[in-house]
Amino acid sequence: MRVPLIAGNWKMHKTVRETLNYIRRFRELVSEVTDREIMIAPPFTALYPAGRELAGTNIKLGAQNAHWAEKGAFTGEISPLMLKECGVEYVILGHSERRHLFGETDEMIRKRLSGVISAGLKPVLCVGETLTERESGKTFEVLERQVREALSGFSAEELKALVIAYEPVWAIGTGRTATPEQAQEAHRYVRGLLAELFGKDFAETTRILYGGSVKPENIAELMAQSEVDGALVGGASLDPETFVRIVKYGG
Ligand code: PEP
């Protein structure tokens, strides 16, 4: 049984003050939710106060990236241990904005994943094809490369907390959502790949989230797909009144 995970990726939005105002409202709105996991990933600067404000609630704290080393001469980077101290539980890795705007490679993402796992944090590995790749029939090829390369060298035991987010790049921030059938097809492909790499049990227990213009209006039909185990939500997670409608899909 895979417990659904509804996660909000705030990207570069919200100051500390705005984060705290959001959390004080949102934690009331979702306080009764017990049958699914909820996570928010504010910017790095807000993580420590957010962690304190979320203590004792049913909302998990996520970060939007992490370096692989514990410390060192890596100007501008944040280590997994630093995140852990803030109360972070999940770390988003390989988001398409990191890949396409900041040049992160599959190899860098694999190293980041290794740092996150060593620190005992839970990775949310983002994968997804661009529009050109989809239109030229390369979707599965791209997903296979991203999954294989990011997960190479790890054991199923090391990856037991892994979450994968299928985020077609053409659907991120564009208002254009994958159809439930497109999501189901891509998730099924990724789950098949996980079975090949780490065994059937591993594949059956690993959650695969969908991300890309998820809204209160389309979450239920996406979650109705047997292979969709949750959502990674960008824009629509920035307003607590909107995000709660996504969290409470089907209710
Ligand atoms: C994201 O940033 O992971 C995302 C899916 O964004 P949006 O929901 O805004 O498309």
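Bear in mind these aren't lab numbers, they're just calculated from the coordinates by the rules spelled out. Keep in mind that this is a model prediction, so the values were computed, not measured. All Cβ positions, glycine included, derive from the backbone under ideal geometry; neighbour counts span all protein chains shown.
Brief remarks follow.
- By the helix-only formula, in which each DSSP H run with n ≥ 4 contributes -39500 (n - 2.57) and the sum is divided by residues, the chain has a 222 nm mean residue ellipticity of -12000 deg cm²/dmol.
- With the convex hull drawn over the C-alpha atoms of the chain, the volume per residue is 118 Å³.
- Rounded to the nearest 20, the Cβ-based charge dipole of the chain about its Cα centre (Lys and Arg +1, Asp and Glu -1) stands at 600 debye.
- Average Cα contact separation per residue, the stretch 5-247, under 8 Å, 6 or more apart, as relative contact order %: 20
- Leading residue at positive end of dipole, the stretch 129-236 (Cβ point charges), from A231, V190, L162: A231
- Only aspartates and glutamates eight or more places from K200 in sequence, or on another chain, were considered; those with a Cα closer than 15 Å are E157, E227.
- Available extension along the chain between E221 and F74 is 48.6 nm, counting 0.36 nm per residue and deducting the alpha carbon span.
- Set of lysines near K111 by C-alpha distance (under 16 Å), chain-local residues within fewer than 8 positions excluded: K71, K122
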